[in-house]
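Visitor: So that we are looking at the same thing, I have put the structure below in structure tokens.
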Amino acid sequence: GYGPEYVEELELLTFYLKQIGVELQIVNEEYGNYIRGSFLGKYDETTWGPSSIFTEVDGYLYNFLKTGQPNNRSHVSDTKLDVMLDAQRRYIAKSSRKKVIDDIQRHEADQMYYVYTPYPKNLASWTPWVKNYQPKNSFDRGAQLEVVWIEK
């Protein structure tokens, strides 16, 4: 899986959600089963875990909210929302697309298809002799470090 920090975050999330009346039971899955199942929305009641990282808002909106998409983990099936999701992909004018995206976000917030949890900020620092290092949003630490060298 994603390591002990991930489990600790889930335990803390479970504690805080219980305070507002949301009862969760943690069931730890073998990673392969998780990727083939829960990650793709195949679960009995609820799931929690990291999502893919996108560089454009469409990746989050379309993948998580469009009917039938594999990353639509809340099994959203909303015709009005589907029309807006398709529309935001067609607009070329920034102002028109922004208006539709704003409408999508208002609609999604009103329906509350997902419970969005806080995500801690990442902070990185390194000494001057570490060269070419740049923090990246990636689970692939090897790719992040393959271009780094030390110069003392």
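The values are calculated or read from the model by the stated rules, or taken from the named source; none is laboratory data. Only a predicted model underlies this, so the values are computations on that prediction, with no experimental measurement involved. Positions of Cβ are backbone-derived with ideal geometry, glycine not excepted, and every protein chain shown enters the neighbour counts.
Okay, residues lined up against (1) of a type in the set (G, A, S); (2) out of contact with any Ser or Thr (no Cβ under 9 Å at 6 or more places or on another chain); (3) assigned to a helix (DSSP H, G or I):
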{"residue": "M84", "(1), (2), (3)": "no, yes, yes"}
{"residue": "K98", "(1), (2), (3)": "no, yes, yes"}
{"residue": "D102", "(1), (2), (3)": "no, yes, yes"}
{"residue": "D110", "(1), (2), (3)": "no, yes, yes"}
{"residue": "Y113", "(1), (2), (3)": "no, no, no"}
{"residue": "P118", "(1), (2), (3)": "no, yes, no"}
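Visitor: Filter segment 1-27 down to the residues that are part of a loop (DSSP other than H, G, I, E, B), surrounded by fewer than 10 Cβ atoms within 10 Å (Cβ to Cβ) and at negative phi and list them by number.
Guide: Q19, I20, E23, Q25
Visitor: Does Y43 satisfy the criteria of being at pLDDT below 90, assigned by TED's automatic domain parsing to the domain that holds L13 and among the aromatic types (F, W, Y)?
Guide: Yes.
Visitor: Answer yes or no: is there a residue in segment 63-83 that is under 26 Å from K136 (Cα atoms), loosely packed, with under 11 Cβ neighbours inside 10 Å and either in the same structural domain as K136 (by TED's automatic domain parsing) or touching a Gly at 6+ places or on another chain (Cβ under 9 Å) (or both).
Guide: Looking through segment 63-83, at least one residue is under 26 Å from K136 (Cα atoms), loosely packed, with under 11 Cβ neighbours inside 10 Å and either in the same structural domain as K136 (by TED's automatic domain parsing) or touching a Gly at 6+ places or on another chain (Cβ under 9 Å) (or both).
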